[in-house]
Structure formats: C-alpha cells, structure tokens
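In what follows, a structure is listed as structure tokens, so that the remarks can point back to it.
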Amino acid sequence: MRPILEGEMSRKLYTNVTLSLLSGIVIFLWASGLYGMLSTFHVYFRLSYVLLAFTIAFIFFTALLEHRGVKVPYLFGGAGLLASIVTFIGICVVNGVFWLIDNFPPLDNLLIMLSISILVGFVFIKLITQREEY
C-alpha cells in the first residue's frame, strides 16, 4: 500500500504550507507595524536608514528592469515605484516587530490575527502560482 503523501503531492503540500506560513507572518508583522505607525506616529528608524534602504532597492530594481528590457523613462519610474513599495513593506515589518515587543497582544488575539494572516498569505500564494487563465 502506497502512502498518501509521496512525491509530487508531498512536495506541493510542504511548499504551500511553508510559503503560506512565511507570507502570513510577513503580512501579520506588516499589519502590526502599519497599525503601530498609524496609532502612535512613531517610526523606529531614522530617515537615513530609510533612504539607504530605498537607494539599495532602487538600484536593484533598476538593474532587474533593465535586464528585462524596459526603456529608460519607464525604467526609473518603475524602479522607483517598486523600491517605494518594498521599502514601505520592509519598514512596516520591522516596525511591527518592535511594536509587538513593546505592546504584545493577548494570546487569543495573537492567534486570531496570525490565523487570518496565514489564510490571506495562502490565498495570495495560490493567486500568484495559478497556471490557468480565464
């Protein structure tokens, strides 16, 4: 008798579980950081660190988009947009970690928020990796 989870099935299961947990934790930390920034108007970074993160992301996305064949006016606009989004998400995640250290929620609320974030992460992973077109 063959085991239920073998080969391709187990690989897909482990991949989906791992990616869902990772993306759910990032979504949870991002939401916590955004909530902390909006409720206290306190960012745990100085402006110099934010600009350094933006600059590194901008250079990375400029090289990536140039490799993909994007023309110059759109190259800088697209790289700036992607760098802004990635920098904002990164700062919210780190602020979420610091905010959770300072203001740790009750265990029930933490588990509910983590569960919802992991479900949203799973849905995002499935939407990104679907292969059928409608």
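Residues being more than 20 Å from Phe61 (Cβ to Cβ) and surrounded by fewer than 16 Cβ atoms within 10 Å (Cβ to Cβ): count how many of those fall in the range 75-97. Adding up the residues that qualify gives 1.
So that you can scan it fast, the table gives a plain yes or no per residue for (1) on the phi < 0 side of the Ramachandran plot; (2) assigned to a helix (DSSP H, G or I); (3) crowded, with 16+ Cβ neighbours inside 10 Å; (4) out of contact with any Asp or Glu (no Cβ under 6 Å at 6 or more places or on another chain):
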site	(1), (2), (3), (4)
Trp99	yes, yes, yes, yes
Ile116	yes, yes, no, yes
Val123	yes, yes, no, yes
Arg131	yes, no, no, yes
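Close Cβ contacts (under 6 Å, 6 or more residues apart or on different chains) running from residues in the range 8-20 that are on the phi < 0 side of the Ramachandran plot to residues that are assigned to a helix (DSSP H, G or I) comprise Leu19/Ile125; Ser20/Ile118; Ser20/Gly121; Ser20/Phe122; Ser20/Ile125.
With Ile59, Ile91, Ile85 as the choices, which residue is under 30 Å from Ile112 (Cα atoms), at pLDDT 95 or above, in a helix (DSSP H, G or I) and not hydroxyl-bearing (Ser, Thr, Tyr)? Full working, then the answer.
Details: Ile59 fails: under 30 Å from Ile112 (Cα atoms); Ile91 fails: at pLDDT 95 or above.
None of the other options fit; the residue is Ile85.
For Met37, the conditions (1) modelled with pLDDT under 95; (2) under 19 Å from Ile128 (Cβ atoms); (3) aliphatic (A, V, I, L, M) are fulfilled apart from (2).
Quick check on the range 14-36: of everything there that is farther than 15 Å from Ser115 by Cα and touching a helix residue (DSSP H, G or I) at 6+ places or on another chain (Cβ under 6 Å), which residue is surrounded by the fewest Cβ atoms within 10 Å (Cβ to Cβ)? Per the stated criteria, the residue is Leu34.
Restricting to the range 59-76, name every residue that is more than 17 Å from Thr87 (Cα to Cα) and of a type in the set (Phe, Trp, Tyr). If the condition is that a residue be more than 17 Å from Thr87 (Cα to Cα) and of a type in the set (Phe, Trp, Tyr), then Tyr74 is the only one that fits. Scanning the range 32-56 for residues being within 14 Å of Leu100 (Cα to Cα), part of a helix (DSSP H, G or I) and more than 19 Å from the chain's Cα centre (by Cα) gives a total of 2.
Remark: Arg2 falls outside the filter, which requires a residue to be part of a helix (DSSP H, G or I), charged (D, E, K, R), out of contact with any helix residue (DSSP H, G or I) (no Cβ under 9 Å at 6 or more places or on another chain) and at pLDDT below 95.
The values are calculated or read from the model by the stated rules, or taken from the named source; none is laboratory data. All figures in this text were calculated on a predicted structure; none of them were measured in a lab. Neighbour counts run over all protein chains shown; Cβ positions are idealised from the backbone, glycine included.
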